[in-house]
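Take a look at the structure set out below.
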Amino acid sequence: MDEDVDELKDLKDKIFTFFYSIDNNPDGTLTFSEIKTARDRIRIELENTRPEDDDEEIFEIFYRHENWEKVFDALDLDGDKRSDFHEFYTATIDYKLLFT
Ligand SMILES: [Ca+2]
Ligand SMILES: [Ca+2]
């Protein structure tokens, strides 16, 4: 049970770091343009490094999607055209469940 809790905390830390690495301005919310910038950067990063461990898993989830309007809609749960950390975290966990 402790292991699960640790794993989840770990994942939350990773998503938190990832979220703030995308948040360019940084105002604690992600816009579509920030997500798109991140997509371009992740694409370059993934072309240069081969993802092997869990750290790259989140990147891969984002990388796999071609329809970024749809990805953004999924990240913006309340439809205000911004994704805050809570929305981002919830959506990422859902994606992780969907794809792993
Ligand atoms: Ca922002
Ligand atoms: Ca929102």
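Each value in this text was obtained by applying a stated rule to the coordinates, not by laboratory testing. Keep in mind the model is a prediction, meaning the values are calculated, not measured. Cβ coordinates were reconstructed from backbone atoms using ideal geometry, including for glycine residues, and neighbour counts include every protein chain displayed.
Here are the numbers:
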| item | result |
| --- | --- |
| Amide H partners (placed H, <5 Å) of Leu30, local residues excluded | Ser83, Asp84 |
| Charge tally in the Cβ shell below 11 Å around Ala74, where Lys, Arg are +1 and Asp, Glu are -1, Ala74 excluded | -4 |
| Relative exposure of Ile93, Ile22, judged by other C-beta atoms within 10 Å (fewest first) | Ile93, Ile22 |
